[in-house]
Amino acid sequence: MTGDDLLSDGGAWFRLEEAGRVGAARRAAELLAGRMGLESHRVDVLAIVVTEMATNLVKHADNGMLLIRPVRAGNIAGVELLAVDSGPGMYDVVSSSRDGHSTAGSLGIGLGSISRQSSWSDVFSLPERGTVTVAQVWPAGQPEPTWSSGVSRPIAGEQSCGDGFTTRIVDGRRQVLVCDGLGHGPLAAAAAAAAIQAFHSGPAAPPAVVLEHLHRSISHTRGVAAAIAELAPDADLLRYAGLGNIAGFIVDGDERRGLVSLPGIVGHQRRTVREFEYPFPGDAALVMHSDGVTDRWRLTDYPGLQRRSPQVVAATLLRDAGTRRDDACVLVARAGR
């Protein structure tokens, strides 16, 4: 994986199965941090955090993966690290985060060091089901918690991912996009990238209007399945428009409600785009994903997960419901009020 690859918003995944991969992940994170403009002392902090996270995966994890990617808040840029594994998990995250706690005969300073050194971090773990840890390093301070985030990964054996997601706030409208470029590989990734670019350049309008804009804008690509949601927290309302097999759900406590997408291919084949409105209580969550993720998940199967950050929720679902036979993407959003 090259430094240029890391500059995309999707970032790069590193499989952590042996100690030699820790150095490769650290060097990639340092390179990304330098290109994002972090000062040298913040790059040093990032190096500590990525080393601790990568080392934890090598020592404790099964199927340990580390995602390194840029994050942005206005004109400020930082680096986010997302560690995912299917290892033994932890019965008590708080106790496991204390210095001196160890299950592998080490000094036991990993999770505590990650929490202290990073600008912000979050973790979720269940015994025998694995752990998801996210940490961010910013130039200074701690940004406001994000109201929406997602995770994507390519099909096994491929570096380019044809599934994508993004978020925007324009004229007070909080909107998210999930898209799935037809097929796999570079051409699917190019279609998804074009849809994301068109989304950000589109009008400050309801989801159906923005989806029509995407349809006109990406006809030069192979096309995508796409869905756009708009969260209106002041009205406890969610507006949704989709074409193709992007799944959307509103999760409110024990209830999960599916959202309607119509048949079609954005950029090529479509029927009339329709927009639907749904009640969206302030404590509900929106979950959207591509067809590389099965819809058999339930957040209620993960006690405490609904209270965690969007990154952690999305990564947990991708780990457990994503398939390796397709590109996969999960986005999670909350009302953000």
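The values are calculated or read from the model by the stated rules, or taken from the named source; none is laboratory data. From a predicted model like this one, the values you see are computed outputs, not experimental measurements. Every residue, glycine as well, gets a Cβ built from its backbone with ideal geometry; the counts of neighbours run over all protein chains shown. All accessible areas refer to the heavy atoms of the entire protein, side chains included, with ligands and DNA or RNA removed. Shrake-Rupley method; radii C 1.70, N 1.55, O 1.52, S 1.80 Å.
For the structure I just gave you, tell me whether A156 is aliphatic (A, V, I, L, M), assigned to a loop (DSSP other than H, G, I, E, B) and at pLDDT below 85.
Considered against the rule, which asks whether it is aliphatic (A, V, I, L, M), assigned to a loop (DSSP other than H, G, I, E, B) and at pLDDT below 85, A156 comes out as no.
Within segment 105-133, which residues are open to solvent by less than 50 Å² (accessible area, probe 1.4 Å), farther than 30 Å from A77 by Cβ and modelled with pLDDT under 65?
S106, G108
Condition check: under 17 Å from W147 (Cβ atoms) and under 17 Å from the mean Cα position of the chain (by Cα). Does A333 satisfy that?
yes
Provide a single number: the residues in segment 232-275 that are at positive phi, crowded, with 20+ Cβ neighbours inside 10 Å and within 24 Å of the chain's Cα centre (by Cα).
Going through segment 232-275 one residue at a time, the tally reaches 1.
Considering only segment 308-323, I want to know if a residue exists there that is under 17 Å from the mean Cα position of the chain (by Cα), polar (S, T, N, Q), open to solvent by 10 Å² or more (accessible area, probe 1.4 Å) and modelled with pLDDT under 95. Walk me through how you get there before you give the answer.
Going residue by residue through segment 308-323, those that are under 17 Å from the mean Cα position of the chain (by Cα) are 308-323.
Then keep just the ones that are polar (S, T, N, Q); that gives 309, 311, 316, 323.
From what is left, the residues that are open to solvent by 10 Å² or more (accessible area, probe 1.4 Å) are 309, 323.
Narrowing the set further to residues that are modelled with pLDDT under 95 leaves 323.
Yes: segment 308-323 contains one or more residues that are under 17 Å from the mean Cα position of the chain (by Cα), polar (S, T, N, Q), open to solvent by 10 Å² or more (accessible area, probe 1.4 Å) and modelled with pLDDT under 95.
Would you check if S102 is open to solvent by 10 Å² or more (accessible area, probe 1.4 Å), among the small types (G, A, S) and at pLDDT 80 or above?
So S102 fails the test.
What about V176, is it open to solvent by less than 10 Å² (accessible area, probe 1.4 Å) and of a type in the set (V, I, T)?
So V176 fits the description; yes.
Only one of G248, G282, G292 is closer than 27 Å to Q311 by Cβ and either among the charged types (D, E, K, R) or modelled with pLDDT under 95 (or both). Can you tell me which?
G282
Residue under question is G304, and the condition is that it be farther than 21 Å from R174 by Cα and under 19 Å from the mean Cα position of the chain (by Cα); does it hold?
yes
If D291 satisfies all but one of (1) open to solvent by 20 Å² or more (accessible area, probe 1.4 Å); (2) closer than 20 Å to A83 by Cα; (3) in contact (Cβ under 8 Å) with a residue 60 or more places away in the chain, what's the number of the condition it fails?
(2)
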